[in-house]
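The next block holds one structure in the form of structure tokens; read it before the comments.
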Amino acid sequence: MKLFNFKKFEELKIKKNKDNIVDPYINIGTIIKEMRVKKNLSIEDLSFLSKIPVSTISGIENNLKELIPPHPFTRSILLKLEECLSLEKFELTKLIQTDYIASNKRIERNFTFTKIDLFNSWQGNFIYLFLIILSIFVLNSYFLNNRVIEFKYIEKTNN
């Protein structure tokens with residue numbers, strides 16, 4: 001039994017190793033650093049030329065994930081750096097693989113009525129509002145269809 005579990009774990013480990021994707025920002029960082037040094041520019045000079053913050057440039061050069069902005073911003077930053085460092089157009093952006101970019105996949109949500117909090121979630125508020133509007137229409141149709149008006153004649157008695 002333990003041997004079977006061990007084999008299963010090894011198979012998972014092998015599959016996990018096959019799916020590893022090489023980080024493209026390592027190559028991008030070295031290219032930017034080499035071209036910056038070749039042009040005899042400091043990070044501050046490059047930041048002044050490109051109007052990109054020093055922290056972002058050093059983050060890209062040193063592959064510090066917490067300093068690198070999300071993909072759409074990084075792409076425009078790389079285009080600006082290509083222009084400032086006289087690199088070939090789209091040379092750095094071609095290095096970013098489409099597999100590496102985190103895609104916004106639709107998350108399947110299991111929607112059940114038992115999970116709805118009527119007053120603290122937008123789904124609950126929507127259902128609550130729908131029920132109120134429905135009850136207004138039901139009451140309105142009831143009172144419009146009941147057009148019987150009774151008049152009672154009240155006699156004044158003289159005592």
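The values are calculated or read from the model by the stated rules, or taken from the named source; none is laboratory data. Computed from a prediction, not measured in an experiment: that's the story for all the values here. Neighbour counts run over all protein chains shown; Cβ positions are idealised from the backbone, glycine included.
So here's what we get for this one:
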quantity: Subset of region 16-49 that is modelled with pLDDT under 90 and of a type in the set (Lys, Arg) - its residue that is farthest from the chain's Cα centre (by Cα); calculated: Lys18
quantity: Identity of the residue in region 67-91, of a type in the set (D, E, K, R) and more than 20 Å from the chain's Cα centre (by Cα), that ends up surrounded by the fewest Cβ atoms within 10 Å (Cβ to Cβ); calculated: Glu88
quantity: Residue check, Lys7 exposed (fewer than 14 other Cβ atoms within 10 Å of the Cβ) and at pLDDT below 90; calculated: yes
quantity: Test set (1) modelled with pLDDT of 90 or more; (2) in a helix (DSSP H, G or I) - Ile52 fails condition number; calculated: (2)
quantity: Qualifying residue in region 99-120 (condition: in contact with a Gly (Cβ under 8 Å, 6 or more places away or on another chain), at pLDDT below 85 and either charged (D, E, K, R) or at positive phi (or both)); calculated: yes
